[in-house]
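The values are calculated or read from the model by the stated rules, or taken from the named source; none is laboratory data. In this text, all values refer to a predicted model and were calculated from it rather than measured experimentally. Counting neighbours? That spans all protein chains shown, and the Cβs are built from the backbone with ideal geometry, glycine included. Heavy atoms of the whole protein, side chains included, go into the accessibility calculation; ligands, DNA and RNA do not. Shrake-Rupley method; radii C 1.70, N 1.55, O 1.52, S 1.80 Å.
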Amino acid sequence: MMKKLNILFLLITGLFFTFSCTDDIEVMVPNDAIVPVLTSAIDGSTIVLSKINENDQFGTFEWTDADFKLDVAVQYALEVDVQGGDFAGHKTIATGITSPYSLSVSDMNKALLAAGYEDGQSYDISLRVVASNYLASEAISMTVTTYFDVEPYSVIGSAVGGWNPENDQYMSYDKTTDTYNITLDLKPGEFKFRAPKIDSSNPWAVNLGLSGDSRVIEEEANVALKQDGSNIQTNGGNYTLTLSVSGNTFSIVQNAASDNTDWTGVELDAVGDGVSADNADATADGSSWAWGNVLLADNGAVPTAAAGVYTWTWTGIVLEANQGFKLRTKNGEAGVNGINFAAGFDKIDIANSSAKVADDGGNITVTEKGAFDITITIDATNGDAKKIVIADPAPKYPAALYLIGDGVGDWDWNNTDLPMVPVNGTPNQFWKIVWMNATGGFKMASEKSWDTGINFGSAEDAYPAGGEYTKGGNNISVPGTAGYYIVVVDLDTDKISVVEPTVYLTGDAVGSWGNEDAANIFTVDNANEKLTITKTLAAAELRMFVAHPYFPAGDWWRTEFMVLDGAIVPRGNGGDQTRVSVAALETTIDLNFKAMTGTIAQ
């Protein structure tokens, strides 16, 4: 008994004849033709497909060769049906495949959706391999849950263990409400939302934070979010988070509070003979201790809090030499959380404190009278561990500032190195001519680190008219057109300016000293990424400076720079720089502030 087979390719007596679908021929196949045998490690598995893992391997399928007992070219296809089905519909996952065959989670999900399976549902399915639409293997079975193909969002931050990709906590998507949802434990710390899969080279390309300053949010609905917004703070516990990407909002419900001690609102004072009466707000200790003077901590004596760590400070407190004092809950009484304590020398962080700090029989003292900055922290995540740092007063202004952000590079300190230039003899001012991207933002920091020093941005959410920002916590938005801009910060006025740079020639080479003369101004040529001027100069020393309304009037030398050996070298706080002389010729000067290089061509 023979059966019939329709095939597209037939090999007869060593020759290939190719037929179109309309020219199929009938070939008689013996009853003893051998079907392929299909195997896979996922046979019998239960698999939940996920957008998060769309590039992962779904499975690998292997099969033995079919044998038609004829000299024919065989093609294979992978077919799917519900368990118990007869594959009458021929729902195909893939065709023209060879053993072993692997496919990704994304490809499997798309194939099932194309075959009529609904997203978000669990199905008991069977898969088989068919040779040339005729010889079929025995089916293997599994349970597979499909997904709606939507961009995954995650929760990330110190509240979930860190800011690295392995810390992403992916949310589930609810198609009926168009929201992302997750219930999870959060540690005291900070978090944001992001879509790390959108840009494989930059997982922070799409991220959402608070539209205002960073703050603690425990239970609140419809909190406004924005791209590159501020970090969201939490005191820890179990929470349900609901994110609306389309609405730029999220809601948070606290299901269970953290077990950590809450020190919010607890007032502290410094007390003892070591607290000098020279402190303007110091008063005699009227508590039962009756010990010297008492001075409340800054900020109304209550702490600031971040990631479960509570911080009290005394800025510029005057301490007497060789006289003891302690830090305690106000008046030595229990705070609003019912806890009282007094901390002495055993809580001093010696490594980070002034060398003038000493032990006075368990009390704290200093060997030299003066003003100090005192900080005490209580780490509620670490058994209420207490640490006191007594430091010599910090300088009013940072010694350095650095720019960082995707508006001027990226947010990785290892990649972005943009030191600002101090205005000579003006410790409150810094400047930097920098290339800005068309989108993104940036911040400033006193060190190339988020963990030490200070960092700040702007109070504004967007680029303001005139380019003047007020210092704040938001990312500083770039103007919106790629090109060179000068960033100037004045720490006395808390103002930041981002405008097109203005650079002048000055001195005997142009016959004008210190004037902002339009004839001597450089042209900003963003198309060629340079500032340039072509001008006939007198034989003299070349001098150049940056101008801005914030800078001290008339003191052009405070912001001058030179081109030395092909490099742009700002004067900063240094003295007179090495001079560069030019001949009485037409001269072209090009300045590339991206590479900090320059050329002087005559």
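Report the FRET efficiency, 1/(1 + (r/R0)^6), for residue 244 and residue 495, where r is their Cβ-Cβ distance and R0 is 45 Å, rounded to 0.05.
Numbers: r = 35 Å, r/R0 = 0.79.
Step by step, r from the Cβ atoms, then E = 0.80.
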(message) Could you report the accessible area of residue 548 in Å², rounded to 10, computed with a 1.4 Å probe on the protein chains as they sit in the structure?
(response) 20
(message) Given the range 401-499, report the % of alpha carbon pairs whose separation exceeds 19 Å.
(response) 33
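Just list whichever of 369/396; 347/495; 51/192; 448/471; 110/226 have alpha carbons separated by over 29 Å in the model shown.
Working: 369/396 20 Å; 347/495 39 Å; 51/192 20 Å; 448/471 19 Å; 110/226 32 Å.
Exceeds cut-off: 347/495; 110/226.
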(message) Tell me the volume per residue, in Å³, of the convex hull enclosing the alpha carbons of the range 268-391.
(response) 99
(message) Just to confirm the number: angle between the C-alpha axis of helix 105-114 and the first principal axis of the chain, 0 to 90 degrees, nearest 10?
(response) 50
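What FRET efficiency do you get for residue 339 and residue 50 if R0 is 41 Å and r is their Cβ-Cβ distance, rounded to the nearest 0.05? List each step's numbers first, then the result.
On the way: r = 45 Å, r/R0 = 1.11.
Once rounded, the FRET efficiency stands at 0.35.
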(request) For residue 73 paired with residue 138, estimate the spin-label separation in nm (one decimal), with each label point 7 Å from Cα along the Cα-to-Cβ line. (result) 3.2
(request) Can you pull a Stokes-Einstein diffusion coefficient for the range 37-146 at 37 °C (0.692 mPa s), Rh from Kirkwood over Cα pairs, as a whole number of µm²/s? (result) 231
(request) Give, in nm to one decimal, the length gained when the segment between residue 224 and residue 578 is fully stretched (0.36 nm per residue of separation minus the Cα-Cα distance). (result) 122.1 nm
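Hey, what D do you get for the range 502-601 in µm²/s if you plug the Kirkwood alpha-carbon radius into Stokes-Einstein at 10 °C and 1.306 mPa s?
Working: Rh = 13.6 Å.
The Stokes-Einstein estimate is 116 µm²/s.
What is the projected area of the convex hull of the Cα atoms of the range 99-165, averaged over all directions, in nm²? It would help to have the intermediate numbers written out before the result.
Numbers: hull surface 28.5 nm².
Quarter of the Cα hull surface area: 7.1 nm².
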(message) Skipping prolines and chain starts, which residues have an amide H placed within reach, meaning under 5 Å, of the one on residue 249, given they are 5 or more residues away or on another chain?
(response) 225, 244
(request) Apply the Karplus parameterisation 6.51 cos²θ - 1.76 cosθ + 1.60, with θ equal to phi minus 60°, to every residue of the range 561-574 and state each ³J(HN,Hα) to the nearest whole Hz, in sequence, with x for glycine and proline. (result) 8, 10, 9, 10, 6, x, 10, 7, 10, x, 6, x, 8, x
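Taking 8 Å as the Cα distance limit and 6 or more residues as the minimum spacing, I'd like the relative contact order of the chain as a percentage. Kindly include the intermediate steps, with their values, before the conclusion.
Details: 1475 pairs, mean separation 38.1, N = 602.
Relative contact order for the chain comes out at 6 percent.
I need the calculated FRET efficiency for the pair residue 115 and residue 255, taking r as the beta carbon distance and R₀ as 45 Å, to the nearest 0.05.
On the way: r = 40 Å, r/R0 = 0.88.
Once rounded, the FRET efficiency stands at 0.70.
Percent antiparallel among DSSP beta bridges with both residues in the chain, to the nearest 5? Intermediate results must be reported in sequence, preceding the final value.
Numbers: 172 of 181 bridges.
Taking every DSSP beta bridge within the chain, about 95 percent pair in antiparallel fashion.
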(request) Within the range 439-476, find all residues whose amide N lies under 15 Å from a label point positioned 7 Å from the Cα of residue 198 along Cα-to-beta-carbon. (result) 439-441
(message) Residue by residue through the range 454-465, what is 3J(HN,Hα) from phi via Karplus (6.51 cos²θ - 1.76 cosθ + 1.60, θ = phi - 60°)? Round to whole Hz and write x for glycine and proline.
(response) 10, 9, 7, x, 10, 7, 7, 8, 9, 5, x, 4
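Highest mean first, what order results for 381-392, 311-322 on Cβ atoms within 10 Å?
On the way: 381-392: 16.2, 311-322: 19.2.
By packing density, highest mean first, the sequence is 311-322, 381-392.
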(message) Tell me the accessible surface of residue 123 in square angstrom (1.4 angstrom probe, heavy atoms of protein chains only), to the nearest ten.
(response) 50
(message) Can you report the principal axis dimensions of the chain using only the alpha carbons, biggest first, rounded to whole angstrom?
(response) 114, 83, 38
(request) Could you please state how large a percent of the accessible area of the chain is carbon and sulfur, counting protein chains only and using a 1.4 Å probe? (result) 48
(request) Please report the relative contact order for the range 154-257, taking Cα pairs under 8 Å with a sequence separation of at least 6, and give it as a percent rounded to a whole number. (result) 26
(message) Per residue, how large is the accessible surface of the chain? Use a 1.4 angstrom probe and give square angstrom.
(response) 46
(message) What whole-number distance in Å separates the alpha-carbon centres of the range 522-538 and the range 154-176?
(response) 48
(request) Multiply the residue separation of residue 86 and residue 278 by 0.36 nm, subtract the distance between their alpha-carbon atoms, and state the gained length in nm to one decimal. (result) 59.7 nm
